[in-house]
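Enquirer: The structure's right below; bear with me while I get my questions together.
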Amino acid sequence: MIKNNVIIAASAMLLFSCLNNKKEADALGNGSTMQQEFLNKKIQVYVTAENTNLKLTLTATLRFSEHIQPLETEVAIFVNPNKQFQEFLGIGGAITDASAEVFSKLTPNKQNELLDAYFSEEGINYNIIRTSIHSSDFGLGSHTYIEEGDKELKTFSIEMDKEKRIPMIKRAQALINDDLVFYASPWSPPAFMKTNNHMLRGGKLLPEYNQAWANYYVKFIDAYEAEGIPVWGVTIQNEPMAVQRWESCIYTAEEERDFLKNFLGPTFDKAGYGDKNIVVWDHNRDLISHRANTIFEDPEALKYAWGIGFHWYEVWTGGDPKYDNLKNIKESYPEMNLLFTEGCQEKFDPTQYNRWSNAERYGNSMINDFNSGTVGWTDWNILLNEKGGPNHVQNFCFAPIHADTQKNELIYTPTYYYIGHFSKFIKPKAKRISTTASRSNIESTSFQNPDGEIVTVVMNRTDEQIDYKLVVGSSEVQLTILPHAMQSIIY
């Protein structure tokens, strides 16, 4: 009896071992098949590089070969399409009153060139547009949509926006397919609604105007959608912890939370706008965790929030980008979305249009923001003049494209091309996929488009040319990136 049991047990173990081996073989076979999909597949390499004529230029068409274990002395980027993360919303910029003012001074052919450069497939394929709810600093002056003191909003009108801003938005919108993401941000409530009775220099929203101000957002959405511009969503307040010399308004984390859950969220629901996306914070990465913790830990506030927006002006932290704060939010609140809502190079200097470090600041931010879980990336003004404005408080800045309004010329900066390495090739609904580099002197991220195509973006901020391997599963290709260069590798 014991002998028979031993035989039965041994047979069972042998069968189990055979089945296990078969499963492992099948798994290896399947994995091998998946990895072999890239072997001999075509790769296209687009390059922008300093001190060259390369600007989003196709420089090579190569093919993957069989992967060989890299040595520790080699530089490599490893991409694993089997590990997927957030879905890509898009990339774009802001059409401000300043952008619209400059745009209006261009001849029709230059206007078309500008719009095609940003929003067409022949250009860099923007699909996100941000604008302000009434005025920001980038414009000819402060204005609102109502007469001062009209708490019932009876005089609400966007006629001023219809002159230049809305026509420009609609022309851009016409070039975007079905993936338009249009959202708006207020810089300040009307003066009479604030503690300092002024649109500039901070101040807070007076509690008695919470409902009137929430109604104002609804009026904005009503008016813009009546113009045929579908509103994807709003941010609650641009830079709510910055007392600026321009339009600004302060909210503590608790004040923003309470405005969202007690006024703005319920007001959207009542108006039939429960499907509009509400983005909190809309300020820098340094204090972002406190804002997220305060708002997202409150179930009543959380149900109205789509996610959290952020800028890159971490001046108080010595310029440290604080990407780890983004990763912490994504780990802590994985259901919440991260959206880059504004960034630009400050302190405009007309002799520095081609300053390469400006573009590299963008590249570094975009790669690290996306690798931290960000779904979309919004630049600030898409167009400014030869003085970095107009700006009614002289806060002049760079844009990816400037217009010399005296000469009717467009000036394309390196930043435009660096943004294009992402926006031109990565499609809405793409999924970010696992990408790591073996050295810190090379930066990279990857997305897989809905059609299966993969885009790997690589940046070299050093003074040296870097040879490296791009390793995807069991396939690899040997590549070289020039000094101070960006590559988009399509396969």
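Enquirer: Select from segment 127-147 the residues that are farther than 17 Å from Pro240 by Cβ and part of a strand (DSSP E or B) and list them in ascending order.
Expert: If the condition is that a residue be farther than 17 Å from Pro240 by Cβ and part of a strand (DSSP E or B), then Ile128, Ile129, Thr131 are the ones that fit.
Enquirer: If I filter segment 447-456 for residues that are under 22 Å from Ala49 (Cβ atoms), of a type in the set (Ser, Thr, Tyr) and in contact with a Leu (Cβ under 8 Å, 6 or more places away or on another chain), do I get at least one hit?
Expert: yes
Conditions (1) touching a Phe, Trp or Tyr at 6+ places or on another chain (Cβ under 6 Å); (2) assigned to a strand (DSSP E or B), marked per residue:
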| residue | (1), (2) |
| --- | --- |
| Lys427 | no, no |
| Met459 | no, yes |
| Glu464 | no, no |
| Asp467 | no, yes |
| Glu476 | no, yes |
| Ser488 | yes, yes |
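Enquirer: Right, Tyr224: hydroxyl-bearing (Ser, Thr, Tyr), in a loop (DSSP other than H, G, I, E, B) and surrounded by 19 or more Cβ atoms within 10 Å (Cβ to Cβ) or not? Show your work before the answer.
Expert: Working: hydroxyl-bearing (Ser, Thr, Tyr): yes; in a loop (DSSP other than H, G, I, E, B): no; surrounded by 19 or more Cβ atoms within 10 Å (Cβ to Cβ): yes.
So Tyr224 does not fit the description; no.
Enquirer: Would you check which residues across segment 331-352 are closer than 22 Å to Met459 by Cβ, surrounded by fewer than 17 Cβ atoms within 10 Å (Cβ to Cβ) and either under 13 Å from the mean Cα position of the chain (by Cα) or not polar (S, T, N, Q) (or both) and list them?
Expert: Listed by number, the list holds a single entry, Glu346.
Enquirer: Looking only at segment 178-193, count how many residues are in a loop (DSSP other than H, G, I, E, B) and of a type in the set (A, V, I, L, M). Outline the logic, then answer.
Expert: Step one: list which residues in segment 178-193 are in a loop (DSSP other than H, G, I, E, B), which gives 178-180, 187-190.
Now narrow it down to the ones that are of a type in the set (A, V, I, L, M): 180.
Qualifying residue count, segment 178-193: 1.
Enquirer: Under 7 Å between Cβ atoms, which residue pairs at least 6 apart in sequence (or on different chains) link something in segment 242-253 that is in contact (Cβ under 8 Å) with a residue 24 or more places away in the chain and at negative phi with a partner that is surrounded by fewer than 16 Cβ atoms within 10 Å (Cβ to Cβ) and of a type in the set (Ser, Thr, Tyr)?
Expert: Short answer, once both residue conditions are applied: none.
Enquirer: Hey, does segment 449-464 have a residue that's under 13 Å from Tyr46 (Cα atoms), without any contact (Cβ under 8 Å) to a residue 40 or more places away in the chain and of a type outside the set (Phe, Trp, Tyr)?
Expert: Initial filter on segment 449-464 (under 13 Å from Tyr46 (Cα atoms)): 455-459.
Filter once more, so that each one left must be without any contact (Cβ under 8 Å) to a residue 40 or more places away in the chain: 455.
Filter once more, keeping what is of a type outside the set (Phe, Trp, Tyr): 455.
So far as segment 449-464 goes, yes, one or more of its residues are under 13 Å from Tyr46 (Cα atoms), without any contact (Cβ under 8 Å) to a residue 40 or more places away in the chain and of a type outside the set (Phe, Trp, Tyr).
Enquirer: Could you please let me know if Ser188 is within 29 Å of Ser423 (Cα to Cα) and polar (S, T, N, Q)? Show your work before the answer.
Expert: On the way: within 29 Å of Ser423 (Cα to Cα): no; polar (S, T, N, Q): yes.
It is false that Ser188 is within 29 Å of Ser423 (Cα to Cα) and polar (S, T, N, Q).
Enquirer: Taking segment 98-124 on its own, how many of its residues are of a type in the set (D, E, K, R) and within 23 Å of Gly376 (Cβ to Cβ)? Steps first, answer last, please.
Expert: Quick first cut of segment 98-124, residues of a type in the set (D, E, K, R) only: 101, 105, 110, 113, 116, 121-122.
After this cut, where a residue has to be within 23 Å of Gly376 (Cβ to Cβ) as well, the list is 116, 121-122.
Of the residues in that region, 3 qualify.
Enquirer: Would segment 335-344 turn up any residue that is touching a residue at least 12 places away in the same chain (Cβ under 8 Å) and farther than 24 Å from Phe268 by Cβ? If you could, list the steps in order and put the result at the bottom.
Expert: Our first condition is that a residue be touching a residue at least 12 places away in the same chain (Cβ under 8 Å); within segment 335-344, this holds for 336-344.
Narrowing further to those that are farther than 24 Å from Phe268 by Cβ: 343-344.
Checked against the condition, which is being touching a residue at least 12 places away in the same chain (Cβ under 8 Å) and farther than 24 Å from Phe268 by Cβ, segment 335-344 yields at least one hit.
Enquirer: Continuing with this model, one more query. Of the numbered conditions (1) hydroxyl-bearing (Ser, Thr, Tyr); (2) part of a loop (DSSP other than H, G, I, E, B); (3) surrounded by 18 or more Cβ atoms within 10 Å (Cβ to Cβ), Ser157 satisfies every one except a single condition; which is it?
Expert: It is condition (3) that Ser157 fails.
All of the numbers you see were taken from the coordinates with simple rules; none came from a lab. All figures in this text were calculated on a predicted structure; none of them were measured in a lab. Heads up, the Cβs are rebuilt from the backbone with ideal geometry, glycines too, and the neighbour counts pull from every protein chain shown.
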